[in-house]
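The values are calculated or read from the model by the stated rules, or taken from the named source; none is laboratory data. Everything numeric in this text was worked out from a predicted model, so none of it was measured. As a convention, Cβ positions derive from the backbone with ideal geometry for all residues, glycine included, and neighbour counts pool all protein chains shown.
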Amino acid sequence: MYILFEGIDTCGKSTQIALLAEKYPALITTHEPGGTKFGKQAREILLSDALSSKRAELLLFLADRAEHYEEVIENNKEKTIISDRGFLSGIGYALANGDFDFEELVSLNKFALKDHFPDKVILFLTNMETLTQRTSEKELDGIELRGLEYLITVQNHMKESLEKLDIDYLEIDATQDIESIHQKILTYLKL
């Protein structure tokens with residue numbers, strides 16, 4: 001089973017993935033961008049916000065996604081794989097960046113993923129107050145430096161996009177405490 005944990009920065013995805021990995025050591029955990037050798041290089045470029053072309057940024061994310069699918073997801077399809085981010089983030093960020101068409105983005109991501117979207121998505125949703133508090137406690141990367149309104153716009157695009165797709169998903173209120181969120185995820189995934 002291929003499961004995506006999606007949401008904007010500081011929403012708690014990584015914390016929940018770590019809790020699951022501790023409880024279920026046989027899980028394969030990975031992330032995008034950066035879950036492969038190529039992905040680490042792509043991540044460096046993407047998080048530095050060095051590209052002036054949003055199309056180039058989108059294509060680099062898609063190249064990372066294709067490589068990640070080929071190396072990690074496809075090679076472990078008999079196991080349970082949890083990825084910290086994936087295609088939904090890609091669509092959300094692309095829509096927030098400009099004049100991209102939703103259907104075109106879905107098509108490009110299907111191409112990168114060999115027509116295999118995840119089996120389940122867990123979408124973490126936060127609010128401006130929590131986002132402000134959590135981002136004040138860390139050093140921001142180039143994408144986070146685009147601003148908190150930008151991140152909330154990305155989140156809204158992720159939510160709207162997921163509602164349009166035929167994928168089993170769970171929405172998580174990321175402002176809740178860690179244990180409550182963990183229990184909701186365990187109930188949903190039934191691992």
**Asked** So, of the residues in segment 151-174 that are buried (at least 16 other Cβ atoms within 10 Å of the Cβ) and more than 24 Å from Met1 (Cβ to Cβ), which turns out to be modelled with the lowest pLDDT?
**Response** Leu151
**Fill in**
Of the listed residues (Glu171, Glu71), the one being assigned to a helix (DSSP H, G or I) and either under 15 Å from the mean Cα position of the chain (by Cα) or not β-branched (Val, Ile, Thr) (or both) is Glu71
**Message:** Quick check on segment 70-86. Is at least one of its residues touching a helix residue (DSSP H, G or I) at 6+ places or on another chain (Cβ under 9 Å), surrounded by fewer than 17 Cβ atoms within 10 Å (Cβ to Cβ) and under 28 Å from Lys37 (Cα atoms)?
**Reply:** yes
**Request:** Consider Gly98 carefully, then state whether it is of a type outside the set (A, V, I, L, M) and either out of contact with any strand residue (DSSP E or B) (no Cβ under 7 Å at 6 or more places or on another chain) or without any contact (Cβ under 8 Å) to a residue 60 or more places away in the chain (or both).
**Result:** yes
